[in-house]
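The values are calculated or read from the model by the stated rules, or taken from the named source; none is laboratory data. Note that the coordinates shown come from a computational prediction; the quantities given were computed from them, not determined experimentally. Virtual Cβ from ideal backbone geometry, glycine too; neighbours counted across all protein chains shown.
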Amino acid sequence: MRTDQADYEREKTFLEHSIKQGEEQIKILSEQNVKEEKGVQADVEELQKMNELFSRGTLTSPRVTDARRAVLLSSTRKLQTAAQLMQVQKQQDEIARQRERLDDQRKIKLLQELQDAGTRLGQVRAKLQSTGEKLLYTSARSQVVAKANSSRSLRSSERAKRPGTHRRGTGLRAAAGRCRRSCSAVE
């Protein structure tokens, strides 16, 4: 469980760090994109001026060609920056989704472990209840047997105390005693 928690924390830290880096990249690329847009606008304005001067005949063709190349180059850089910005934003979305998925999977796993623990707890409770019932039955039975034994010994001792209710012995001494009593009764 601790290993799972540590792994979860490491993964979450990594994803959060990646998100922060992506946010910094987005910020830099956004600023660069704004600068590239301004550069394109400046190059387009320069090309328009060059075209006007060329149409008046005060500028040579190679300078207009250079201005066109500059517009093309700055437009290409702006497109590349915009593409990079979109790519980083897409990665940010994917990383954010991974973080959500990580949290969701962690919750699902913890809920499953909780459910398993609840099931095990129910099984242990059932065993404890069964054992408790057996102990209760055994205890009650022992008490009944002990009560029955004490009743028998009490009855035996009461019989022994009452005259004429004791059992006659079967041994030689008992027979001799009976004989003496009957003989004394005859005299």
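None of GLU36, GLU31 is closer than 30 Å to GLN92 by Cβ and either hydroxyl-bearing (Ser, Thr, Tyr) or surrounded by 13 or more Cβ atoms within 10 Å (Cβ to Cβ) (or both) except GLU36.
Applying the criterion of being loosely packed, with under 13 Cβ neighbours inside 10 Å and among the basic types (Lys, Arg) to the residues of the range 4-28, the residue that is farthest from LEU110 (Cα to Cα) is LYS27. So, of the residues in the range 49-101 that are β-branched (Val, Ile, Thr), over 60 Å from the mean Cα position of the chain (by Cα) and assigned to a helix (DSSP H, G or I), which turns out to be modelled with the highest pLDDT? That would be THR65. Of the residues screened, ARG69 is one that is without any contact (Cβ under 8 Å) to a residue 24 or more places away in the chain, surrounded by 11 or more Cβ atoms within 10 Å (Cβ to Cβ), of a type in the set (Lys, Arg) and at negative phi. Remark: pairs (first residue in the range 7-21, among the β-branched types (Val, Ile, Thr); second residue part of a helix (DSSP H, G or I); Cβ separation under 7 Å; 6+ apart in sequence or on different chains) = ILE19/GLN92; ILE19/ILE95; ILE19/ALA96. Sub-8 Å Cβ pairs linking a first residue in the range 96-118 that is among the small types (Gly, Ala, Ser) to a second residue that is surrounded by 10 or more Cβ atoms within 10 Å (Cβ to Cβ) and part of a helix (DSSP H, G or I), at least 6 apart or interchain, are ALA96/ILE19, ordered by first then second residue.
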